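First up is the structure itself, then whatever we jot down about it.
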Ligand code: ASP
């Protein structure tokens, strides 16, 4: 196995951190401030202001126009102008015009949607490498996908290790890699986070720093709760619960490679580098002196199937038969709260149209002959998440008290035995007030 120094950091900068020359300068001073920040993963330039376009979106637009045999000239020129603006603003000696020509030609000759999108990161990486004086390393030679388009994590891990062993430092564009036949393939949107994570794993980095435009993870959605507290430490498991419910800073698939290797992730703010940000770790003894929970997250858009049947608890195979119906519809269920004679299945509303609903009801009736069955939309779920809840008494009481004080009816309760979270379901119209009331109860 190739050995890398034990103290290296892999640093990823998001699109807003590399949107213009001013941000590139901030990035350079962050890199210069710590010599162990040796492998840098850039995104494509993001929005500079409200209403601006992300370069990746412009590239997708070029692809669309080219496929419709429409002119890509004006959109493509805007993209080149964005990069030239950065180059001019930094005062570096770099001419990308032959790259632009080549990319345009390839787009007009059907190089593919992923190829088009990937050029955002590629060009930004070229500029950043030049500006930092780092090696430019094209991920196409080491981030690998299988023929069926899924990510080949083991081959990638090996290739990155081999390639980076020859580079003391490097800028590695995020978001893309290649298929066995060499065609460019991207991850899903926001996928530069994944590149950062897999590079961190391959070099066994001490830490994976993910630089963005917020001070880290917040304990609640700032669009719902005013000025929510920043989270200092969150475990991977807590993060998964919070992200699933809609708290998003990091791409979901970016968690697994670093988690697997036990590498902490530090979410940092490029515009406020003095802030420590949020540390995402496997385990921590840290306890917030003010509250027992780590965060609250929630989502609208759930439906609940309620099935009742007397003596359900003694009917072997009841649950399996119900879930088989859901499986046959190709739907995965979200939660499964149950009582002695009731079973509820919670699904995402957008997974079931009215035809599917009727079919599900009929099939469940045929399968288990219930006394009653109903499907109700308009459910919002709220997860109260915290690793320290296990040790604390009265957490559930506080959740219910907060919701009761807001005069809101709880329609469903779900607490796993891991005691990592308590999930409640409320009517969508009560979602915001329930979130606020629970937040106030735990963070006052
Ligand atoms: N540029 C890509 C996107 O906008 C990937 C990324 O920024 O992570 O989705």
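Taking segment 96-116 as the range and being touching a helix residue (DSSP H, G or I) at 6+ places or on another chain (Cβ under 7 Å) and under 18 Å from residue 70 (Cα atoms) as the test, the residues that pass are 103, 104, 106, 107, 108, 113, 116. Restricted to segment 17-45, and to residues there that are under 25 Å from the mean Cα position of the chain (by Cα) and more than 15 Å from the ligand (Cβ to nearest atom), the residue that is nearest to residue 192 (Cα to Cα) is 39.
Filtered by the rule that a residue be more than 23 Å from residue 426 (Cβ to Cβ) and surrounded by fewer than 14 Cβ atoms within 10 Å (Cβ to Cβ), segment 330-364 gives 330, 340, 353, 354, 355, 358, 362.
Would a scan of segment 212-222 turn up a residue that is within 16 Å of the ligand (Cβ to nearest atom) and buried (at least 24 other Cβ atoms within 10 Å of the Cβ)? Among the residues of segment 212-222, not one is within 16 Å of the ligand (Cβ to nearest atom) and buried (at least 24 other Cβ atoms within 10 Å of the Cβ), which makes the answer no. What number of residues within segment 391-419 are in contact with a helix residue (DSSP H, G or I) (Cβ under 6 Å, 6 or more places away or on another chain), on the phi < 0 side of the Ramachandran plot and outside any helix (DSSP H, G or I)? Total satisfying the criteria: 3. Residues that are touching a strand residue (DSSP E or B) at 6+ places or on another chain (Cβ under 7 Å), in contact (Cβ under 8 Å) with a residue 40 or more places away in the chain, more than 30 Å from residue 189 (Cβ to Cβ) and not in a loop (DSSP other than H, G, I, E, B) do occur in segment 321-335, at least one of them.
Residue under question is residue 64, and the condition is that it be assigned to a helix (DSSP H, G or I), modelled with pLDDT of 95 or more and either away from the ligand (no atom under 16 Å from the Cβ) or in contact with a helix residue (DSSP H, G or I) (Cβ under 7 Å, 6 or more places away or on another chain) (or both); does it hold? The answer is no for residue 64.
Please tell me if residue 263 is modelled with pLDDT of 95 or more, surrounded by 19 or more Cβ atoms within 10 Å (Cβ to Cβ) and part of a strand (DSSP E or B). Don't jump to the end; show me each part of the working.
Values: modelled with pLDDT of 95 or more: yes; surrounded by 19 or more Cβ atoms within 10 Å (Cβ to Cβ): yes; part of a strand (DSSP E or B): no.
For residue 263, the condition - modelled with pLDDT of 95 or more, surrounded by 19 or more Cβ atoms within 10 Å (Cβ to Cβ) and part of a strand (DSSP E or B) - is not met.
Against the test of being within 16 Å of the ligand (Cβ to nearest atom) and in contact with a strand residue (DSSP E or B) (Cβ under 6 Å, 6 or more places away or on another chain), the options 169, 124 yield a single qualifying residue, 124.
Right, residue 198: free of Cβ contacts under 8 Å to residues at least 60 places away in the same chain, farther than 30 Å from residue 444 by Cα and within 16 Å of the ligand (Cβ to nearest atom) or not?
On the way: free of Cβ contacts under 8 Å to residues at least 60 places away in the same chain: yes; farther than 30 Å from residue 444 by Cα: yes; within 16 Å of the ligand (Cβ to nearest atom): yes.
Yes: the conditions hold for residue 198.
The values are calculated or read from the model by the stated rules, or taken from the named source; none is laboratory data. Nothing here was measured: the structure is a model prediction, and the numbers come from that model. Heads up, the Cβs are rebuilt from the backbone with ideal geometry, glycines too, and the neighbour counts pull from every protein chain shown.
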